[in-house]
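The structure appears below as structure tokens.
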Amino acid sequence: MGEVSFVDVSKRFSLRVEGELHHVQALDRVSFKVADGEIVALIGPSGCGKTTALRVAMGLDASSSGRVTVDGREVNGCGHDRGMVFQHAELLPWLSALQNVMFGLEMKGMSGEPLRTTAEKYLDLVGLSHSKNRRPHQLSGGMKQRVGIARALAIDPSVLLMDEPFGALDAQTRESLQAELLDIHARTKKTILFVTHDLDEAVLIADRIVVMKEGRVADIMTVPLARPRPDLSIVRGLLEFAETRYKVWRALHDEQTLH
Amino acid sequence: MVDISDKHSDTAPPQAEISERRPLPRWLITFASIAAVLIFWEIVGRQINPVFGSYPTAIAVAFWELLVTGQLWTALFESLKPFVVGYGLAIVIGVPLGLLIGGFRAAEAALGIYVTAGYAMPLVALVPLLILWLGLGFAVKVAVVFLMALFPITINTWLGVVAVPKTLIEVGKSFVAPDLVILRRIVLPATLPYIMAGVRLAVGRAVVAMVIAEFFTTISGLGAVIINSANNFDTATMFVPIIILMLMAVGLNSLIGFVERTVAPWQAEISGRDRE
């Protein structure tokens, strides 16, 4: 359970710049599928529509035409079948780490003892049980994003949607969180669709990479790296890693791939 | 399987550190400042004709006289009644009104203009009209205090709602929180620091309103003490209620600060003010 498919999804924005009305084609007939349990990376230059695609899948933005389905059901607004991890974690500053995880669960209708134990279980999954009573400003950037991941996972969605989740973190923290994400995926088998602008991250984590340019899908590539990938430092040294990374780099830079 | 619990390369921000050299405590600096002003006033005030000015020791004597005759307590209590009712009403009505205006586009378009106008308007100008409507008694005093305190509270709450980061609301939406839950669990706590700032601004205005009401309607309370002693050229006695009003405003301000730290402790923690 956890299949996502984009079918001809288009999205137009209108915005007024210095009095002039501009039409922006954020998404132009975007179609691709994410299989159950698969990790797919959406990569592309800024303004290519990758975040918009993710927001449409979450139901935070509506598409102008086309549709996104999750397990065959058309997305129409937000739902508990999808869990969102925000770019800057976006924890509620007045709640402790544990209460932040509990918030999502409460919205799903959970209460009483299971509410607490479930939230604690997911904080434990991201290695934060020792900091459960800290408020967000008492957590480092990496810890905040761990709470963000726990909050999204706790509601047990079929699909985890992540918007540049590690983009704002320093390199070292990013690497350890990438490894943790793969570990979490190995344990939970969640379908993950994530947006990134980091080539290494896309190749290290994803099974397939969707390259987007100017609102369109420019290329879809399969990463020829086996799972599990318990040690990313080894993966980085593999020839397949280098080759795939180069292929994605070419796709991002090659004007020809845009049809 | 990787053990993820003990490999946090990134560390949490440091907790409050205890510095080795303690700077002068704030209360000591405040106390010294007050003492200096009082001494200066005492020296200069004694040179001035007692009709035009007074000085701390003379005011202290006048204070003692008002206290033992019971006049002061009666006046203070008389003043506080409309103050508490008017100010309380302003909070009870102003906060929901601000949430409504900030939260709903239609409410902002329909009501925002009155609140902005009401805040900018000199409310003293309304007092004669209020007297026509409500008479000279308790009700008109409550109304004056209420109107002076209402607008800063409403405007701040409104601004606070508008300033709530959109992404926090999207967090609520992405977990399928109903609008009312988003309002109560995300918008309200995010707005609390603004509400408290409004409540704090309103205290000063409410104290002013209380005295204005006592001057322009039935002369009563601390305002009456001021007017009566001024008419008798008893300047020292006139200063007693003035100083009490100042102390009252300062005291209420710290009380609100305390309430703020109690209901919104994360705010002080974020800005580092909790380390004082």
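The values are calculated or read from the model by the stated rules, or taken from the named source; none is laboratory data. Just so it is clear, the model here is predicted, and its values are computed rather than measured. Please note: Cβ atoms are built from the backbone with ideal geometry, for glycine as well, and neighbour counts cover all protein chains shown.
Assorted remarks:
- Subset of the range A:139-162 (residues that are in a helix (DSSP H, G or I) and in contact with a Ser or Thr (Cβ under 8 Å, 6 or more places away or on another chain)): A:G141, A:G142, A:M143, A:L153, A:A154
- Those residues of the range B:122-143 which are in contact with a Ser or Thr (Cβ under 8 Å, 6 or more places away or on another chain) and under 12 Å from B:A209 (Cα atoms), in sequence order: B:V127, B:V140, B:K141
- Subset of the range A:82-99 [more than 7 Å from every other protein chain (Cβ to nearest Cβ) and on the phi > 0 side of the Ramachandran plot]: A:A89
- Strands (runs of 3 or more DSSP E) contained entirely in the range A:168-228, each with at least 2 residues that are touching a Pro at 6+ places or on another chain (Cβ under 9 Å): A:191-196, A:208-213
- Residue list for the range A:79-99, restricted to those being surrounded by 21 or more Cβ atoms within 10 Å (Cβ to Cβ) and under 19 Å from the mean Cα position of the chain (by Cα): A:R82, A:G83, A:M84, A:V85, A:F86, A:A89, A:E90, A:L91
- Among the residues of the range A:1-42, those that are of a type in the set (A, V, I, L, M, F, W, C) and not in a strand (DSSP E or B) comprise A:M1, A:A35.
- In the range B:76-119, residue surrounded by the fewest Cβ atoms within 10 Å (Cβ to Cβ) [restricted to those that are touching a Leu at 6+ places or on another chain (Cβ under 7 Å) and farther than 25 Å from B:A163 by Cα]: B:L76
- Matching entry among A:R187, A:R134, A:R174 (being at the interface with another protein chain (Cβ under 9 Å from one of its Cβ atoms), basic (K, R) and under 29 Å from A:M1 (Cα atoms)): A:R187
- Of the residues B:Y114, B:Y87, the single one that is in contact (Cβ under 8 Å) with a residue 40 or more places away in the chain and among the hydroxyl-bearing types (S, T, Y) is B:Y87.
- A:Y122 meets the conditions (1) more than 12 Å from chain B (Cβ to nearest Cβ); (2) crowded, with 23+ Cβ neighbours inside 10 Å; (3) over 24 Å from A:Q178 (Cβ atoms) in every case but one. The failed one is (3).
- In the range B:226-276, residue nearest to the other protein chains (Cβ to nearest Cβ) [restricted to those that are charged (D, E, K, R) and under 30 Å from A:P136 (Cα atoms)]: B:E269
- In the range A:43-51 there is at least one residue that is part of a strand (DSSP E or B) and either away from chain B (no Cβ under 14 Å) or at negative phi (or both).
- Tally, over the range A:53-99, of residues that are closer than 21 Å to A:Q138 by Cβ and not aliphatic (A, V, I, L, M): 8
- Filter result for the condition that a residue is aliphatic (A, V, I, L, M), out of contact with any Ser or Thr (no Cβ under 9 Å at 6 or more places or on another chain) and within 14 Å of another protein chain (Cβ to nearest Cβ), over B:M196, B:M148: B:M196
- Count of residues meeting criterion [buried (at least 24 other Cβ atoms within 10 Å of the Cβ), on the phi < 0 side of the Ramachandran plot and out of contact with any Lys or Arg (no Cβ under 8 Å at 6 or more places or on another chain)] in the range B:207-221: 1
- Positions within the range A:56-81 being within 14 Å of another protein chain (Cβ to nearest Cβ), in contact (Cβ under 8 Å) with a residue 60 or more places away in the chain and outside any strand (DSSP E or B), in sequence order: A:A57, A:M58, A:H80, A:D81
- The conditions of being among the small types (G, A, S) and surrounded by fewer than 19 Cβ atoms within 10 Å (Cβ to Cβ) are met by A:G167.
- Residues of the range A:140-159 that are among the hydrophobic types (A, V, I, L, M, F, W, C) and either over 13 Å from the mean Cα position of the chain (by Cα) or more than 10 Å from chain B (Cβ to nearest Cβ) (or both): A:M143, A:V147, A:I149, A:A150, A:L153, A:A154, A:I155, A:V159.
- Residue within the range A:109-119 that is surrounded by fewer than 24 Cβ atoms within 10 Å (Cβ to Cβ) and within 12 Å of chain B (Cβ to nearest Cβ) present: yes
- Per-region count, the range A:229-259, residues at pLDDT below 85 and either among the acidic types (D, E) or surrounded by 12 or more Cβ atoms within 10 Å (Cβ to Cβ) (or both): 5
- A:R73, sole failed condition from (1) more than 30 Å from A:K247 (Cα to Cα); (2) surrounded by 17 or more Cβ atoms within 10 Å (Cβ to Cβ); (3) of a type in the set (K, R): (2)
- Filtering B:A202, B:A139 for residues that are crowded, with 20+ Cβ neighbours inside 10 Å, of a type in the set (A, V, I, L, M), more than 27 Å from A:L105 (Cβ to Cβ) and more than 14 Å from chain A (Cβ to nearest Cβ) leaves a single hit, B:A202.
- Test: residue in the range A:245-255 that is away from chain B (no Cβ under 14 Å), out of contact with any Gly (no Cβ under 6 Å at 6 or more places or on another chain), hydroxyl-bearing (S, T, Y) and not in a strand (DSSP E or B): yes
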